[in-house]
Amino acid sequence: MDTLAFPKLPLLNLTYPLMSESITTPIPTEVTEDDTKYIIKLHVTGIYEDDVVVELEDNNLLIKIQTAELSYRRLITLDGDTMDIDNIEAHYEMNNIVIDIPKITTIPTKKRRVILGKSLDNPDVTDDLY
């Protein structure tokens, strides 16, 4: 599989899958991100929502479009360490297939001072954050 020619986010591996003979050019794809999610937008015209299937298996997102004139598949490998793959949402919006992939938000770790030579059960031990 060849890597797509458009710039890609470092956490996404976008690849061309095998395509049928009926497609000579790939479907234009836009990949963006904001503070909370990655957004994959495939620009399609003349495609109905019922023609599109989006499947997720492990970290592989498969987008399939099937009409009488078109047979298209695109495989996108996702980074499960930074993407919340359990909460991916996809919808059809004004000739676009839009897939929202939430980012995993990290919870800041609690930091406290441990005083050497004192038991953690000792009330004299401070657990103030610094």
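The values are calculated or read from the model by the stated rules, or taken from the named source; none is laboratory data. Since this is a predicted model, take the numbers as computed values, not measurements. Note: ideal-geometry Cβ built from the backbone for every residue, glycine included; neighbour counts use all protein chains shown.
On the stretch given as the stretch 11-43, residues that are among the polar types (S, T, N, Q), surrounded by 14 or more Cβ atoms within 10 Å (Cβ to Cβ) and modelled with pLDDT of 50 or more total 1.
Within the stretch 109-123, track down each residue that is surrounded by fewer than 10 Cβ atoms within 10 Å (Cβ to Cβ) and at pLDDT below 65. Scanning the stretch 109-123 gives 119, 120, 121, 122, 123. For residue 46, are the conditions met, namely being under 23 Å from residue 105 (Cβ atoms) and modelled with pLDDT under 90? So residue 46 does not fit the description; no.
Reported count of residues in the stretch 74-94, each being more than 15 Å from residue 55 (Cα to Cα) and of a type in the set (Gly, Ala, Ser), is 1. Applying the selection to the stretch 44-60, what residues are surrounded by 14 or more Cβ atoms within 10 Å (Cβ to Cβ), in contact (Cβ under 8 Å) with a residue 40 or more places away in the chain and not in a loop (DSSP other than H, G, I, E, B)? Within the stretch 44-60, 52, 54 qualify.
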